[in-house]
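Report on the following structure.
Just so it is clear, none of the values below were taken in a lab; they were calculated from the coordinates. A quick note: this is a predicted structure, and the numbers were derived from the prediction, not measured. Positions of Cβ are backbone-derived with ideal geometry, glycine not excepted, and every protein chain shown enters the neighbour counts.
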Amino acid sequence: MKLWFEKQRYLIDFTLASMARRKARNLGLLGVYTVLVFVLASVALYTHALRVEAAKVLAASPEVILQRLVAGRHDLIPPGYLEKVGRIRGVQKKEGRLWGYYYDAVVKANYTFMVPNDASIAKGEIVVGPALERSRGLAAGNGISFRSYSGKLHTFIVASVLPQASEIASADLVLMHEEDFRAFFDYPVGHYTDIALSVANPLEVRNVALKLAAALPDSRPILRDEVLRTYASIFDWREGIVLALLSAAILAFGILAWEKASGLSADEKREIGILKAIGWETGDIIKMKFWEGLLISLTAFLAGFVAAYLHVFYFAATLFEPVLKGWAVLYPEFRLTPHIDGLQVATLFFFTVFPYAAAVLAPIWKAAITDPDAVMRG
Amino acid sequence: MIELAGIRKAFNQGQHNEYWALNGIDLAIEANKVTALRGPSGSGKTTLLTLVGCLARPTEGRVRLKGEDISGLPERFLTDIRRRTFGFVFQQFNLIKGLSALDNIILPAYPTGEPRRELLERAEALLARLNLGHRREAKVEWLSGGEQQRVAICRALINDPEALIADEPTANLDTHLAKEFMAILEGLAGEGRTILLTSHDPLVTESAVVDRGVEMRDGQIVDDR
């Protein structure tokens, strides 16, 4: 065993010396390969973290949301619906929600106006999300006016700004009193935007939805699981788009790396001949090249992955953010919780390190099995 | 030590450019003796060396090392025999550029997995013996032709082989260096090593160190004394 370790050490020593002798080629290869891993890992880490983040945010959302439809379009919930829902077994809590979108021509962005269910905001006051704080320069105590869709100007006092920590969900949020909301949007009394329902037993959610659909045929129950699935597929789709956009570059990098790794120079072929002539076995030469491939690909994988990790979790994925995050005018500024999926890392490792090892070993096999007598002939 | 019986060696066999480099060689190389293969270019000297040194297999015939038939052995075993039994000094020296003299010398011992300390001790002793101690850390491409050949000799001896095989060892050396090489050869022969070399340099073939000269032409032995 000791002999085996000593032998591997010699092979690694020689490999490192060989690599140092071809510094430019190997550093170039390492650079290209690291960039390749960096791009792939950044996209994978970012979309995965977004998916996890979305799931976390939605964990606190209601199990079922009920919307009323008129001619297939979302319409207001008329009075009396809340009472009808209350009679369905399994529903633990229900509440009518008031929310809507408002286009602010000043910053050319959409805000979400909402009435919080705890009625904690006084009349004439609003609580704004961090993106509004930035875009409109708002702070607690400031006054701000919005022109409603009816043309009337409404002035509010900013009571506070929502904390940065909740920004992924609250960047463009404006919370206000119910009466202010109804006055601003001319919302009829007793009407709601939708109804949020809590269902205690998760296994009952689907049954409750079926009962809701039967009891209120003009309504559409939306399950939290469905929203989660939609988010997941949106992020999957965005990941796919980014990879499709980058596929040409990835392919070019891949071909370059393959070409560099699999090409044996005349010098290398000569060296293999010499090593065989002085007593190295074909296996020793293949092992040496295996170490070379492993050292380069592992270093590139680790460097690329660590760089991607820093890029995503410490520099907010600056390079891919515009495509992966969405197309809002007011981007939420948030730092993702570092989250790594073992299977994802393993897949990335397999698809980057394995082809490289194959690229290195395939030509070396051919060179290593040739008779060593060629070296005698100069 | 080595017996060759009915040896024939073809290159590009079965193709339009088929060429028989050796055509019926019967030869016994004695242990602890210096044997020189002479002959013009293309006579088959180097091909014969590759067969004796287990660098290649004959197309026909048998090679026996200490009575054991090695001509049909798989590559792994041949490599093992080559590493333990033979040391090679090539015409072009075939050192690995970019590595120091010391690193080149210990290369043939890497597959043995011997402790590095022992290897380095042996290499240092060989360097000292061939007056190369001061050049141990120099990259081989910075060395003169004579120094490069001495590094190649050290490398050939690192595994302490019984036999040394040298192909045209003086072809790239001037008279002074060629004489120096012959002096080294004399020392090695004195230690009881078997030496087989090819040359058409009279300084080598007519040297008193050489015990036996084998003349070759067109892949056959034409004279043996």
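Treating only the Cβ of Lys, Arg, Asp and Glu as charged (+1, +1, -1, -1), what charge dipole size does the protein assembly as shown show about its Cα centre? Round to the nearest 20 debye.
Taking the Cα centre of the protein assembly as shown as origin, the dipole is about 1180 debye.
Sorting A:345, B:63 from the fewest to the most surrounding beta carbons within 10 angstrom yields A:345, B:63.
With bins 5 Å wide beginning at 0, the percent of Cα pairs of segment A:189-304 falling in each bin runs 2, 8, 9, 11, 9, 8, 6, 6, 5, 6, 6, 6, 5, 4, 4, 3, 1, 1, 0. Beta bridges assigned by DSSP with both partners in segment B:2-224 are antiparallel in approximately 55 percent of cases.
Exposure proxy for A:155, B:59: other Cβ atoms within 10 Å of each Cβ, ordered fewest to most, give A:155, B:59. Look at the dipole of segment A:199-305 built from charges on Cβ: of A:230, A:282, A:214, the Cα furthest out on the positive end belongs to A:214. Its DSSP H runs of at least 4 residues, each contributing -39,500 (n - 2.57), put the calculated 222 nm mean residue ellipticity of chain A at -18500 deg cm²/dmol, to the nearest 500. Contact order for chain A, expressed relative to its length and based on alpha carbon pairs under 8 Å spaced 6+ residues apart, stands at 29 percent. Backbone geometry of segment B:140-154 corresponds, through the Karplus equation with coefficients 6.51, -1.76 and 1.60 at θ = phi - 60°, to 3J(HN,Hα) couplings of 5, 6, 8, 7, 6, x, x, 5, 4, 5, 5, 4, 4, 5, 4 Hz, x marking Gly and Pro. Counts of other chain beta carbons within 10 angstrom of each beta carbon in peptide A:277-289 average 6. Cut-off 15 Å, label point 7 angstrom out along Cα-to-Cβ of residue B:13: give me the residues of segment B:23-61 whose amide nitrogen falls inside. Those under the cut-off are B:23-25, B:51, B:56-61.
Coupling constants for segment A:177-194 follow from the phi torsions by the Karplus curve (6.51 cos²θ - 1.76 cosθ + 1.60, θ = phi - 60°), and in residue order they are 6, 4, 5, 4, 4, 5, 5, 5, 9, 6, 7, x, 5, x, 8, 10, 6, 7 Hz; glycine and proline get x.
Mind ranking A:279-292, A:25-38, B:112-125 by how tightly packed they are, going by the mean number of other C-beta atoms within 10 angstrom, highest first?
On the way: A:279-292: 20.9, A:25-38: 18.8, B:112-125: 15.1.
In descending order of packing, they fall as A:279-292, A:25-38, B:112-125.
A cut-off of 5 Å between modelled amide H atoms, ignoring neighbours fewer than 5 places along the same chain, links residue A:220 with A:67, A:68, A:69.
Across all directions of projection, what mean area in square nanometres is found for the Cα convex hull of segment A:99-186?
Values: hull surface 20.7 nm².
Projected over every direction and averaged, the Cα hull of segment A:99-186 covers 5.2 nm².
Would you tell me the mean number of C-beta atoms belonging to other protein chains that fall within 10 Å of each C-beta in B:42-50, as a whole number? Let's see the in-between values first.
Values: counts 0, 0, 0, 0, 4, 3, 0, 2, 8.
Taking the mean over all residues of the peptide, I get 2.
Ordered from longest to shortest, the equivalent ellipsoid semi-axes for the protein assembly as shown are 86, 24, 18 Å, each the square root of 5 times a Cα gyration tensor eigenvalue.
Over segment A:45-88, the alpha carbon radius of gyration divided by the compact-protein estimate 2.2 N^0.38 Å works out to 1.74. Projecting the Cα positions of A:80, A:258, A:130 onto the charge dipole of chain A (unit charges on Cβ atoms of Lys, Arg, Asp and Glu, taken about the Cα centre) puts A:258 furthest along the positive direction.
How much FRET efficiency would the formula 1/(1 + (r/R0)^6) give for residue A:230 and residue A:70, where r is the Cβ-Cβ distance and R0 is 25 Å, rounded to 0.05? Approximately 0.65, to the nearest 0.05.
Expressed as a whole percent, how much of the Cα-Cα distance distribution for segment B:2-224 exceeds 26 Å? Each step should come with its number before you reach the end.
Values: 9039 of 24753 pairs.
Tail of P(r) above 26 Å: 37 percent of Cα pairs.
Remark on segment A:1-160: Rg and Dmax equal 29.6, 88 Å (Cα only).
In this structure, the amide hydrogen of residue B:100, modeled 1.01 Å from its nitrogen in the peptide plane, lies closer than 5 angstrom to no residue at least 5 positions away or on a different chain. An ellipsoid equivalent to segment B:120-225, defined through the eigenvalues of its Cα gyration tensor, has semi-axes of 27, 16, 12 Å when rounded to whole angstrom and sorted largest first.
Set the Förster distance to 35 Å, then compute FRET efficiency between residue A:237 and residue A:215 from the Cβ-Cβ distance, nearest 0.05. Could the numbers behind the result be given before it?
Details: r = 35 Å, r/R0 = 0.99.
Efficiency, from the Cβ-Cβ distance: 0.50.
When A:369, A:77, A:222 are sorted by how many other C-beta atoms sit within 10 angstrom of their C-beta, beginning with the fewest, the order is A:369, A:222, A:77. Using the rule -39500 (n - 2.57) for each DSSP H run of four or more residues, divided by the residues of chain B, the 222 nm mean residue ellipticity is -9500 deg cm²/dmol. Phi angles across segment A:53-62 convert, under the Karplus curve 6.51 cos²θ - 1.76 cosθ + 1.60 with θ = phi - 60°, into 3J(HN,Hα) values of 5, 4, 5, 5, 5, 6, 4, 8, 7, x Hz, Gly and Pro given as x. Taking every residue in B:110-118 and counting other chain Cβ atoms within 10 Å of its Cβ, the average works out to 6.
In segment B:2-224, Cα pairs under 8 Å separated by at least six residues give a relative contact order of 31 percent. Near residue B:209, no amide H atom lies under 5 Å from its own; only residues 5 or more places off or on other chains count, and H is placed 1.01 Å from N.
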